[in-house]
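One structure is given below, encoded as structure tokens.
The values are calculated or read from the model by the stated rules, or taken from the named source; none is laboratory data. Here the structure is a predicted model, which is why all the values come from computation and not from measurement. Counting neighbours? That spans all protein chains shown, and the Cβs are built from the backbone with ideal geometry, glycine included. Remember, those area values only see protein heavy atoms, side chains included, never the ligands or the DNA or RNA. Shrake-Rupley method; radii C 1.70, N 1.55, O 1.52, S 1.80 Å.
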Amino acid sequence: MNFSRSDFPKGFLFGAATSSYQIEGHGFGGAGSTMWDTFAATPGNVVRGENGALACDHYHRFEEDFDLMQAAGFDCYRFSTSWARVMPEGRGAINQEGLDYYDRLVDAMLERDLKPCATLYHWELPSPLADMGGWQNRDIAGWFGDFTEVIMGRIGDRMFSAAPINEPWCVGWLSHFLGHHAPGLRDIRATAHAMHHVLLAHGTAIERMRGLGMTNLGAVCNFEYAEPYDQSPESLKSAKLYDGYYNRFFMGGIFRKEYPQIVMDGLAPHMPKGWQDDFDVIGAPVDWAGINYYTRKIMQPNDGPWPSHEEAEGPLAKTFMDWEIYPEGLYEFITRTHREYTKGLPIYVTENGMASNDHLIDGAVEDAARIDYLNQHVAMAKRAADEGVPLEGYFMWSLLDNYEWALGYEKRFGLVHVDFETLQRTPKASYHALKLAFAR
Ligand code: IFM
């Protein structure tokens, strides 16, 4: 890597991130059915119909995985808790085996000096709650609050940090408007309800965790830099609207207790009744913000119904996800978050990394493109930190190759290669390079 730990302020944290459904092996330990299990079982939704039943079998191999993290010199581990593993029906009965698992998991992190950074929800909604409308149902905020108390009642005493929801844009827009993720809906009313309720659930969980006496609670949103196709007023508006519903809607709700007008121009008629009265819960004070960043999108107008725009092909080099590599966007979002939303609170890059077409050859994975990608993005984070933004840590996505949702197991994001036949782990060149950078 062309950076080292000593380039950052003392106490700056380097971590790696994962999520439960993507690595654990959902088939183990008495977990209940989730909407990702049924989405994947429906033809046409997921490449090769793959699901998270086995994934990386982290459920049985987490000690080995944390040994790798410790050996590389990571400071912290961002993981998520599976609602259906802890409460198979989503409400009511508790699966003790699931709670015991997270208890062991956290202790195994602490034994290796890895700070536990929890995300309560990273997308695998229990099926019985999906049956009741899932994120479209306002009651989900209370159900999620109850789950929060159960899981954090058991492990909350040992968390370095906790955030309720990973990437509310994906929960709302990607899953209910674009239909790319479970539950695979394409309906504007469902979208408006889900986007609002996911924030209501976020705020409810923050309040419940405060009630448990927890500290260092945050919000993790994903961001994509919106670039207009050209300088026409229509293209400029297309980019501004994309920026609005992707980047500003959730940050606006949490940090300013308002939604952007340009988004409400389209969504207002479809919002749940009384949404204006929920901002005191949604905007419950948090202690930090997390930024997940990967790419940019070039937006142009079209003749369709609102939002009346579409993506255009960009000219930059792309990752195996076909995502343009645009490190400057990370600098923009770190500085914008500080300037317009968090105004002094600590900021973390909670996800950044790339998928590449990695191959294990003679026991090694030469992922030079990932090293380059990380170098470029870490440099942008350093630029923001050098300018005085209180950036306090950087998590790479991901520790392991894992289940990339609708794209199955083909898109490898890991610093550690996983052979999905044998489940053997092999640290890639990027892992070894980071290890050297963390030691310097
Ligand atoms: O794999 C996902 C993760 O679940 C959420 N953030 C983006 C990653 C890469 O697509």
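Give me the percent relative contact order of the chain, please, defined on Cα pairs under 8 angstrom at least 6 residues apart.
Details: 943 pairs, mean separation 81.3, N = 440.
Answer for the chain is 18 percent.
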Stretch R104-Q261 to full length: gain in nm at 0.36 nm per residue minus the Cα-Cα span? 51.9 nm
Förster radius 35 Å - calculated FRET efficiency between D157 and S4, Cβ distance, rounded to 0.05: 0.55
Options L236, G213, G252, ranked by Cα towards positive dipole end of segment 207-285, top entry (Cβ charges): G213
Does a label point 7 Å from the Cα of D131, set along Cα-to-beta-carbon, have any residues of segment 166-189 with amide nitrogen under 18 Å, and which are they? 183
Using a 1.4 angstrom probe and counting only protein chains, how large is the accessible area of M1 in Å², to 10? 40
Positive minus negative residues near G408 (Lys, Arg vs Asp, Glu; Cβ under 10 Å): -1
Under a straight-distance cross-link criterion of Cα-Cα below 26 Å, which lysines are reachable from K411, leaving out those fewer than 8 residues away in the same chain? K297, K318, K428, K435
Accessible surface of the chain [probe 1.4 Å, protein heavy atoms]: carbon and sulfur percent: 49
Just how large is the dipole of segment 219-346 about the Cα centre, in debye to the nearest 20, putting +1 at every Lys and Arg Cβ and -1 at every Asp and Glu Cβ? 420
Computed E for Q300/R210 - FRET, C-beta separation, R0 45 angstrom, nearest 0.05: 0.55
A312 paired with E387, simple spin-label distance in nm, labels 7 Å along Cα-to-beta-carbon: 2.6
Estimated dipole of segment 70-200 in Debye, rounded to 20 [Cβ of Lys and Arg +1, of Asp and Glu -1, Cα centre]: 340
Mind checking the per residue accessible area of segment 301-440 for me, 1.4 Å probe, whole number of Å²? 41
Restricting things to alpha carbons, find the Rg to Rh ratio for segment 140-193 using the Kirkwood radius for Rh. 1.12
Which of P168, A141, G179 sits farthest toward the positive end of the charge dipole of segment 141-188, with +1 on the Cβ of Lys and Arg and -1 on the Cβ of Asp and Glu? G179
Extend 7 Å from the Cα of K343 along its Cα-to-C-beta direction; within segment 260-290, residues with backbone N under 20 Å of that point are 260-261, 279-290
Specify which residue in the list G363, L316, P269 is farthest towards the positive end of the charge dipole of segment 221-375, using unit charges on the beta carbon of Lys, Arg (+1) and Asp, Glu (-1), about the Cα centre. P269
Whole-number accessible area per residue in Å² for segment 106-233, which is evaluated in the context of all protein chains at 1.4 Å: 32
Expressed in nanometres to one decimal, the distance between label points 7 Å along Cα→Cβ at D372 and Q424 is 2.9
In nm², what is the average projected area of the convex hull enclosing the Cα atoms of the chain? 19.4
